[in-house]
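Data first, discussion second: the structure below is written as structure tokens.
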Amino acid sequence: MTSSADLLLDATAISKRYGVVQALRDVNFAVGAGEIVALAGENGSGKSTLAKILSGAVKRDAGTVRVLGVEANYASPRAALADGVAIVAQEPTAVPGMSVAENVLLTQLPGPLSPFRRRAYNARARTILKRVGVSVPPEAPFDTLKAGDRELVEIAKALAAEPRILILDEATSRFGERDVDRLFAILRRLRDEGTGVVLITHRLAEICELADRAVVLRDGVRVGELAREELAAEKLASMMVGRELTDYFHKRRVPIGDPVLRVDEVVVEGTSDPISFDVRAGEVVALAGLVGSGRSELLETIFGARRPRSGRVRIGGQEVRRPAPRRSLRNGMALVPEDRHRQGLNLYGTVRSNIALGSWRLLSAEPSRERRESDAAVRRLRIRTDRTTASIRSLSGGNQQKVVVARCLARKPRVLLLDEPTRGIDVGAKEEMFQLLGEMLEEGIAILLVTSEMMEVLGVADRVLVMHERRLVGELPRSEASEERIAFLSAGGDGGNV
Amino acid sequence: MSELSSGALAARRFWEALLSYLGVLTVLLALIAFFSINQSRFFTLANFWNVLDGSSVLLIVSVGLTFTMLCGGFDLSLSGVLALGGVVLWVLLSHGVPLFLAIILVILGGTLIGAVVTGYPIAYLDLPFFVVTLGVLVAARGLASVITSGEVEGLYEQETLRKIGNGRIGDVTYPVIIALVVLLLAIVVTRYTGYGRMIYAVGGNPEAARLAGINVRLVRLSTYAISASLCAFAGVIETARLAAASPDADQGIEFSAAAAVLLGGTSFVGGIGSMLGTFLGVMFIGVLKNGLIISSISVYWQGVITGVVLFASVLIDRFRRRRST
């Protein structure tokens, strides 16, 4: 533990209420110079609220925050930034049309009447970019960046203010495995330079690898702290949920039947290599690969959400002609898309209308069927809401995700495509998600799963297909699938780069 | 998870529904109270039907606009299609086409314009609705002027047509009955059919709707077809009321309609709103106009007051939403 003398940030007895929900109650949290403190907890445990209070985005109801020994009452994130507290938020905040340099220095723009010296500006951005290991010209437009570099530019943006304290709110969930290593190297260096780093993440393995200690929140209360030597994923998880977890990502053994989904020489738009494979009834096939390796694009092409350049998709021997989502659904294929806010939900709608989304027939009266089916789905998937007419926004991320899954299952699909189904949801919800998928497998469904969580791939898949740079570079049966092997193939080993 | 009794749930839902109309309902009631106190002739049943009669054409086009706006679009072409509808009706009648066939042809023609000329480029070619509907507005009105050489064409000899526009059962005129039937149908379609749910879903999140298997392009196109068909129909009603077809009929009604729809709580970006709200918005404009006339105040104040109230209601709504989240 750090002595109070070199505390960069010291928050005591922080409380915050949102309406009837007590988001935080008497939480103490401190960060010393040169340490990485993880903040762990399920969704809704108050991690993000605490991060927002510390970074000036949200006002606390009670408690004190001291930054470098001085009491701080920030009115805005800008005020916090001026004091050396920077945050990398959960959602990307880049302006796509501006240059990389302008994005990096967005918080450092000159005043409205001061001259804008582009050359000096670019030079400054270049130095900051070098610190995070991104080697693109600062004048390049932001949208030309590759996936991993984009995320690192977000980090660079936070570093532009030369913060003493850096808060990362779920920033790692957008990184692929390789890019996470780049991020970790940066964070370690910052720590060694004396910066205090607060790491909020769902990936328990990351906490164990990186953090000097971890503070665990549950339902807005601080339930404990683990020191470096005590850190272990199982221990963290059980503190977060307050109970021992069963191994949530272990697949039920069910008999595997005939191929249900046949992908035949499909060429994804913007690529040239045909891809073929099948998925059998009762089988889980995982598509592994780095972020940006083309897994989501392949999934969306199979589903018909993107038009393939060529090739055929068959479901139970029946070819899906003129691919489109509605034809795939009619043929018994459903997709849980990657981004539930942008692609999965009508955020203006209710729980009920989101479950029923797309199941409507043109002229029939739907309300009673909608009510019946959504009530049944809420019970079956244990979606936590007091009524199905509640706004979808009132649900936590995990329960929103269950709504998307409920909609897919309502169609009684034979093939279920899942794109990062556990992203941004808490451990308990993940466990429930996989339990549900297990039940579906027993009914003979075929599952094609894209996930960036290596533990899910290893725990759940009967077969692993590995993608690298938009090509299928390997297939591993369960017995041969190991973290090292998958990582090797994902990184383009085995001659992935031709 | 708390189990609420069905009675308590129904009451809660009722209050929530009432709350969503709170803004427009408050100003409407305030307006009615104001005119009632100041003018003895205002708060009478006869005048109520009178207000509705004066608002019947606006109500029909506003219902059409609500469809496009719920779906996340907008239709600037309302008055153009309306005027063209009236003029085409005159052409058909002057060529001896029987009245009811002519009316049906006008409505079908409007639907066709909405589907092919407006809806197709917007929904299938992804052209911006602002450009397309503005083009249709100008072109349709221009075409109407070309046909009549800019003249107003009298249809006084068409007795049945005049009856449709001016006939009455007691104090209630036929246009009021027609407009209320259109409103009722629109309420049923938006609230109780699968098609209605699709409109809200496409307006709320087109990408999610597409991935859920909804034919987003077709739904979008259909809302422009509905809007244009209702405008053509409104053109018939307006022509019947005036017993004349004018290429300048109801100029600028798209802006009154937009004000009514927005006042009624429909979101400019789609996915939120209701036909009932649109009805209240139309009533607000109708009551305002009627009250000003009865009070012998310049009727031009109507625009100023509508603008201010629209602005205020959006502000109130923003506050309400911020508090509830």
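Every read-out reported here was derived from the displayed coordinates using simple, explicitly stated rules and does not represent laboratory data. Since the structure is predicted, the reported quantities are computational estimates derived from the model, not experimental observations. Positions of Cβ are backbone-derived with ideal geometry, glycine not excepted, and every protein chain shown enters the neighbour counts.
If you filter the range A:139-193 for GluC sites (Glu not before Pro), then keep DSSP loop positions with at most 13 other Cβ within 10 Å, what is left?
Working: sites: A:GLU139, A:GLU151, A:GLU154, A:GLU170, A:GLU177, A:GLU193; in loops: A:GLU139, A:GLU170, A:GLU193.
Here the GluC sites (Glu not before Pro) that fit, given the DSSP loop and packing criteria, are A:GLU193.
Enter the mean projected area of the convex hull around the alpha-carbon atoms of the range A:4-241, in nm², rounded to one decimal.
On the way: hull surface 53.1 nm².
Answer in nm², one decimal: 13.3.
Say a site is exposed when it is one of the GluC sites (Glu not before Pro), sits in a DSSP loop, and has at most 16 other Cβ atoms within 10 Å; what is then the longest site-free stretch of chain B?
Numbers: sites that count: B:GLU3, B:GLU151, B:GLU157.
It works out to B:158-325.
At a temperature of 20 °C and a viscosity of 1.002 mPa s, determine how fast the range B:1-160 diffuses translationally according to Stokes-Einstein, using the Kirkwood radius over alpha-carbon pairs as Rh; express D in µm²/s, rounded to the nearest whole number.
Values: Rh = 19.7 Å.
Using the Kirkwood radius from Cα pairs, D works out to 109 µm²/s.
What the Cα convex hull of the protein assembly as shown gives, in volume per residue, is 207 Å³. In the protein assembly as shown, taking the dipole from charged Cβ atoms about the Cα centre, the farthest positive-side position among A:PHE142, B:LEU28, A:ILE186 is held by B:LEU28.
Once you mark the chymotrypsin sites (Phe, Trp or Tyr not before Pro) that are in a DSSP loop and have at most 10 other Cβ atoms within 10 Å, what is the longest gap between them in chain B? It runs B:1-155. Using a cutoff of 8 angstrom between alpha carbon atoms and counting only pairs six or more residues apart, the relative contact order for chain A works out to 15 percent. In terms of its Cα atoms, the range A:200-244 spans 25, 18, 18 Å along the principal axes, sorted from long to short. Rounded if a/c is under 1.5, else prolate if a/b beats b/c, else oblate: with a ≥ b ≥ c from the C-alpha gyration tensor eigenvalues square-rooted, which is the range A:312-434? Cα axes put the range A:312-434 in the oblate bin. Residues A:THR350, A:THR64, arranged from fewest to most other Cβ atoms within 10 angstrom of their Cβ, appear as A:THR64, A:THR350.
On alpha carbon coordinates alone, what is the Rg over Rh value for the range A:285-340, Rh being the Kirkwood radius?
Values: Rg = 11.5 Å, Rh = 12.0 Å.
My calculation puts Rg/Rh at 0.96.
Here the label points at B:THR44 and B:LEU105, each 7 Å from Cα along the C-beta direction, are separated by 4.3 nm in the simple model. Using only side-chain charges placed at the Cβ, +1 for Lys and Arg and -1 for Asp and Glu, the dipole size of chain A relative to its Cα centre rounds to 1860 debye.
Rounded to the nearest 20 Debye, what is the dipole magnitude of the range A:4-241 about its Cα centre when Lys and Arg each give +1 and Asp and Glu each give -1 at the C-beta?
Working: 32 positive and 31 negative charges, 146 e Å.
It comes to approximately 700 debye.
Taking amide H as placed 1.01 Å from N in the peptide plane, A:LEU261 has its amide H under 5 Å from the amide H of A:VAL279, A:GLY316, each at least 5 places away in sequence or on another chain. As a rough footprinting exposure proxy, the listed residues A:ASP258, B:ASP171 were ranked by other beta carbons within 10 Å of their own, and the order from fewest upward is A:ASP258, B:ASP171. Scalar couplings 3J(HN,Hα) for the range B:44-56, obtained by applying the Karplus form with A = 6.51, B = -1.76, C = 1.60 to θ = phi - 60°, are 10, 4, 4, 5, 4, 5, 4, 4, 4, 4, x, 9, 4 Hz; x denotes Gly and Pro.
Counting only DSSP beta bridges with both residues in the range A:70-217, tell me the antiparallel percent, nearest 5.
Values: 1 of 10 bridges.
Counting only bridges with both partners in the range A:70-217, antiparallel ones make up about 10 percent.
Count Lys and Arg as plus one, Asp and Glu as minus one, and take only other residues whose Cβ is under 10 Å from that of A:ASN103; the net charge is then 0.
Looking at the protein assembly as shown, what % of its DSSP beta bridges pair antiparallel, to the nearest 5?
On the way: 46 of 81 bridges.
So the antiparallel bridges in the protein assembly as shown amount to around 55 percent.
Each of A:ASP6, A:ASP212 has some number of other Cβ atoms within 10 Å of its Cβ, and from fewest to most they run A:ASP6, A:ASP212.
What is the dipole size for chain B, taken about its Cα centre, with +1 at each Lys and Arg Cβ and -1 at each Asp and Glu Cβ, in debye to the nearest 20?
Details: 19 positive and 16 negative charges, 203 e Å.
Once rounded to the nearest 20, the dipole reads 980 debye.
With both labels modelled 7 Å from their Cα along Cα-to-Cβ, the B:LYS163 to B:VAL138 distance reads 4.3 nm. Summed over all non-identical Cα pairs, the Kirkwood treatment of the range B:43-324 gives a radius of 19.1 Å. Among B:THR223, B:GLY252, B:LEU211, which residue has its Cα furthest toward the positive end of the charge dipole of the range B:191-258, with +1 on Lys/Arg Cβ and -1 on Asp/Glu Cβ? Positive-end residue among those listed: B:LEU211.
Exceeding 26 Å between C-alpha atoms, which entries from my cross-link table qualify? They are A:LYS157/A:LYS402; A:LYS59/A:LYS430; A:LYS146/A:LYS412; A:LYS47/A:LYS235; A:LYS59/A:LYS402; A:LYS130/A:LYS235. Walk me through the numbers on the way to the answer.
On the way: A:LYS157/A:LYS402 34 Å; A:LYS59/A:LYS430 31 Å; A:LYS146/A:LYS412 38 Å; A:LYS47/A:LYS235 18 Å; A:LYS59/A:LYS402 31 Å; A:LYS130/A:LYS235 37 Å.
In this structure, A:LYS157/A:LYS402; A:LYS59/A:LYS430; A:LYS146/A:LYS412; A:LYS59/A:LYS402; A:LYS130/A:LYS235 exceed 26 Å between Cα atoms.
Rounded, prolate or oblate: which fits the range B:118-209 when a ≥ b ≥ c are the square roots of the eigenvalues of the alpha-carbon gyration tensor, with rounded for a/c under 1.5 and prolate only if a/b beats b/c? Verdict is oblate for the range B:118-209.
Backbone geometry of the range B:240-250 corresponds, through the Karplus equation with coefficients 6.51, -1.76 and 1.60 at θ = phi - 60°, to 3J(HN,Hα) couplings of 5, 5, 8, 6, 7, 9, 10, x, 9, 4, 6 Hz, x marking Gly and Pro.
Over all Cα atoms in the range A:213-357, the spread is summed up by Rg and Dmax: 20.7, 58 Å.
Annotation: Cα Rg of the range A:7-70 relative to the compact-globule expectation 2.2 N^0.38 Å equals 1.09.
Return a whole-number percent for the relative contact order of the range A:429-498, with Cα pairs under 8 Å and 6 or more residues apart as the contact set.
Numbers: 50 pairs, mean separation 15.4, N = 70.
In percent, rounded to a whole number, it is 22.
Placing unit charges on the Cβ atoms of the charged side chains and taking the dipole of the protein assembly as shown about its Cα centre, the candidate lying farthest along the positive direction among A:MET454, B:VAL61, B:ASN47 is B:ASN47. Estimated from helices alone, the mean residue ellipticity of chain B at 222 nm is -24500 deg cm²/dmol (sum of -39500 (n - 2.57) over DSSP H runs with n ≥ 4, per residue).
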